[in-house]
Structures are given as structure tokens and as C-alpha cells.
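The values are calculated or read from the model by the stated rules, or taken from the named source; none is laboratory data. On a predicted model such as this, the values are computed, not experimentally measured, just so you know. Here Cβ is always computed from backbone atoms with ideal geometry, including for glycine, and neighbour counts include all displayed protein chains. When the accessible area is computed, the model is the full protein with side chains, heavy atoms only, and any ligands, DNA or RNA have been set aside. Shrake-Rupley method; radii C 1.70, N 1.55, O 1.52, S 1.80 Å.
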Amino acid sequence: SKDYEAAVAAYSKAVELDPKDQASFAKLGRSFIELKRFEQGLMAYEHALQLDPKDAEVWFQRAEALEWLDRDQDALSSVQEAMRLKATTPEYRVKEGMLLKNLGKPEDALRAYDQALRLSPRNVAVLNSKKDLLKSLKRNDDVIAVCNEILQLAPKDRDALIDKGSAA
């Protein structure tokens, strides 16, 4: 396991020596997040974005920090900026779906999951996210259909088997 306190110390020193070191600010942010110091992580990500506002991955990491701080609307804006910069990353669409679900927009969340599946059609994790949302909406026929897709890719997926049985 990584010593994130030591990482914070090292990256803090690195950005002190070179305040324009965008990568070290981003790594400092990640280390703070791992330590559950979300405000500090967010500040490090924001500094990294001041240095390079076109870094899609830092926008995505910023979204995760904002989500931890229960700022889902801000997180959604941040992940949408990541998607604008790098539209082909399915993880960004999945995060968008989760945030939209949290914000009470399940149909928009489903569209985000479907977009992620267009980018990565055999992605069991995305299918599971979609299935869980459909389950919460009590759309049993759709749950069964997604479970069947999951089971084609992962025949021993216990959760898909259980959810398929529950939805039948």
C-alpha cells in the first residue's frame, strides 16, 4: 500500500521547487483524495487546471473530488468538461451517468450509460451501472435484458444472476 502522506510531502516539495509543475499538482491532488482530504485535493486539481486547462484527466479527477464533497452539480460540469476535451473515454460517461442519477435525472443517466456502451460495448462495469439504475427504476424487463448481456460476457457474474432472478 502506498504511503500517501509521504507522497503529499514529496509532491508538495516538487511544486514548491517548480510552481509550474502541473503533473505534480495533479498527483498531489490524487494523494490528498486518497487521504480523504478532499478540499485540499480539489485545490491541487484546480491549481493543475490553471496550469493546463486542457487536461481532461484532471477535470475528471476534479469531478471525483467534488463528488466526495457532495457537490454533484459542480462535479457534473467538471466531468462534462473532461468529455468535451476527450470524448472517447467511457469512464467519463459512466461518471456522468452516476452524477445524473444522484441529481435525480435517471433518463439522462441512462443515456450517459448508453453512450459509454457505444464507446466500450463489452464493458461489464458499465452494464452493471446501467442495470443498477434500471433496478432502482423498477424496469424489470430492461433489468433482465441487461443481465442477459452481462451473462453473455461474464457467465458466472453472481450479481447479474441474482438480479435477473429478482426481476423475473
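For the subset of region 59-114 comprising residues that are over 14 Å from the mean Cα position of the chain (by Cα), aliphatic (A, V, I, L, M) and under 18 Å from L137 (Cβ atoms), which member is most open to solvent (accessible area, probe 1.4 Å)?
L103
Which ones in region 9-48 are of a type in the set (A, V, I, L, M, F, W, C) and open to solvent by 40 Å² or more (accessible area, probe 1.4 Å)?
A9, A10, L17, A23, L35, M43
State all residues of region 61-85 that are out of contact with any Asp or Glu (no Cβ under 6 Å at 6 or more places or on another chain) and either among the hydroxyl-bearing types (S, T, Y) or under 11 Å from N102 (Cβ atoms) (or both); if no residue qualifies, say none. Spell out how you get there, then give the answer.
Filtering region 61-85 down to residues out of contact with any Asp or Glu (no Cβ under 6 Å at 6 or more places or on another chain) leaves 61-65, 67-74, 76-78, 80-85.
Those that are out of contact with any Asp or Glu (no Cβ under 6 Å at 6 or more places or on another chain) and either among the hydroxyl-bearing types (S, T, Y) or under 11 Å from N102 (Cβ atoms) (or both): E67, D70, R71, D72, Q73, L76, S77, S78.
Of the conditions (1) out of contact with any helix residue (DSSP H, G or I) (no Cβ under 6 Å at 6 or more places or on another chain); (2) within 25 Å of Q50 (Cα to Cα), E107 satisfies every one except a single condition; which number is it?
The failed condition is (2).
Which members of region 115-162 meet the condition of being open to solvent by less than 20 Å² (accessible area, probe 1.4 Å) and over 20 Å from the mean Cα position of the chain (by Cα)?
Scanning region 115-162 gives V143, V146, C147, I150, A160.
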